[in-house]
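Down below is the structure, laid out as structure tokens.
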Amino acid sequence: MNSISQDKSFVNSLFFPRSTRLRVIYHISFWILFILLHNAYAIPTLASKAGDPKVNLAGFLYFFKIIPEYYLCVGLYNFLSKHFKGLFLGLILLVTIILVKHFFSLSLFLWVDNSLGLENMPVRFQLAASLYLAPFNPRNINSWLVFLYDISEMELLLLPAAFKVAKYAVKESTLRQKLQNEALSMELRVLKTQINPHFVFNVMNAAYAKILPISEEAGEYLQKASEIMRFALYETNDEFIKLEKEISYLAQYVELESIRSNKRCKITFRQEGDISEKHEIPTLLLITLVENAFKHGVHATRHNSHVDIRISVDSDSLKFEIANSIPNQPAMRNRRSEKTGGIGLANLEKRMKIYYPGKHQLIKTEHGGEFKVLIRLPLNS
């Protein structure tokens, strides 16, 4: 087990160095080797002029331009992937890469022609330059051949791209393993505490039968608490849950809290949009925010308070807003501010990053005696 952990630690440290300085060293070392190897590979074809400083400079710049091309393409991919998906993204990215390479190659050949002189360059270099520097005529098929040259040159991006893909694969594998470990740990904790919740659940059902003839109000309260306990025991074993079930559980929890503190707390609960049977979200995602609102906003003070919840659902996304009052007492307010970024919200942010990388939104604001949280996320279907 220790050897496996050490292997994973070595792979993670290799692909994801912790310090910025080390990452910069990795990148510089890679590109130095990249340029040296490609220049060495090109020397046999340039043997007749390999000793000419102008030729050496042009050859160096020819491969050096791959560096800005690569980083620009990575940045463009990160931008485009947020707006396009699938085959359409691939086509747009292909055209973008061709245009980027064409721009840098054209700039290089223009500079060499004006500064070093193309006549001083090897024949192969001059032939490539003639394709780029010739006037472009869209009606002449030969003018389009230059883009075929750009496509053939894309092979120079394969090596750094392969490293990038490998790094992404390791990152995804690490996140997946981390999620599985957390799920296994949670399952173990549930198994350890399973006897006690079942016992409490059965006792609550028995108490409900005894209390109902004496007080319907108390019996109703106990019944709702029992339903929440049943949900927590039997409906939360999977990673994802039907959105309809999650909201139903949330509504029961809010109703229970309204009975508990209705004299000093104003609670509003609004739901908009149609929920599909296919809509799913991570289990107990929303209830974390609701529990925090009541814990730090309502039960942290004896004065009047409020909790406002709004749920908006459309065909493929969920918008959840919750706002709660902040205790007026300085001691309570300071204690609450220490917990605002506590375990509950921290775990929620971590789960959203794992399940919806780059596709979710979480905004926390505190203003005018009120704490608000807004989340937006895509709905699984």
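Before moving on, here are some points about what is shown:
- Area accessible to solvent at residue 71, 1.4 Å probe radius, in Å²: 90 Å²
- Accessible-area value, residue 268, 1.4 Å probe, nucleic acids and ligands omitted, Å²: 40 Å²
- Listed residues 147, 371 arranged by accessible area, highest first, probe 1.4 Å: 147, 371
- Full-stretch length increase - residue 260, residue 57 - with 0.36 nm per residue and alpha-carbon distance subtracted: 65.2 nm
- Taken along the Cα-to-beta-carbon direction at a fixed 7 Å, the label points for residue 126 and residue 178 span 5.7 nm.
- Translational diffusion of segment 100-173, estimated by Stokes-Einstein from the Kirkwood radius over alpha carbon pairs at 20 °C in a medium of 1.002 mPa s, is 149 µm² per second.
- The largest accessible area among 60, 125, 109 belongs to the first residue in 60, 125, 109, and the rest follow in falling order (1.4 Å probe, all chains).
- Estimated distance in nm for a label pair at residue 23 and residue 96, the labels positioned 7 Å out from Cα along Cα-to-Cβ: 2.0 nm
- Accessible surface of residue 52 - all protein chains present, 1.4 Å probe, nearest 10 Å²: 50 Å²
- Two-site FRET efficiency, residue 295 against residue 350, from Cβ-Cβ distance with R₀ of 25 Å, rounded to 0.05: 0.80
- Sites residue 317 and residue 114, calculated FRET efficiency, Cβ-Cβ separation with R0 56 Å, nearest 0.05: 0.60
- Whether segment 264-311 is rounded, prolate or oblate, judged on the alpha carbon gyration tensor where a/c under 1.5 counts as rounded: oblate
- Rounded to the nearest 0.05, the FRET efficiency derived from the C-beta distance between residue 155 and residue 374 at R0 = 45 Å is 0.45.
- In straight-distance terms, cross-link reach from residue 278 covers every one of the lysines whose alpha-carbon lies under 18 Å from its own, apart from those fewer than eight places away in the same chain; here that gives 242, 245, 319.
- With 0.36 nm allotted per residue and the present C-alpha distance subtracted, the residue 133-residue 79 stretch has 16.4 nm of extension available.
The values are calculated or read from the model by the stated rules, or taken from the named source; none is laboratory data. Just so you know, these numbers come straight off a predicted model, no measurement behind them. Every residue, glycine among them, receives a Cβ derived from its backbone with ideal geometry; neighbour counts consider all protein chains shown. Accessible surface is based on the protein model in full, side chains and every heavy atom, while ligands, DNA and RNA are left aside. Shrake-Rupley method; radii C 1.70, N 1.55, O 1.52, S 1.80 Å.
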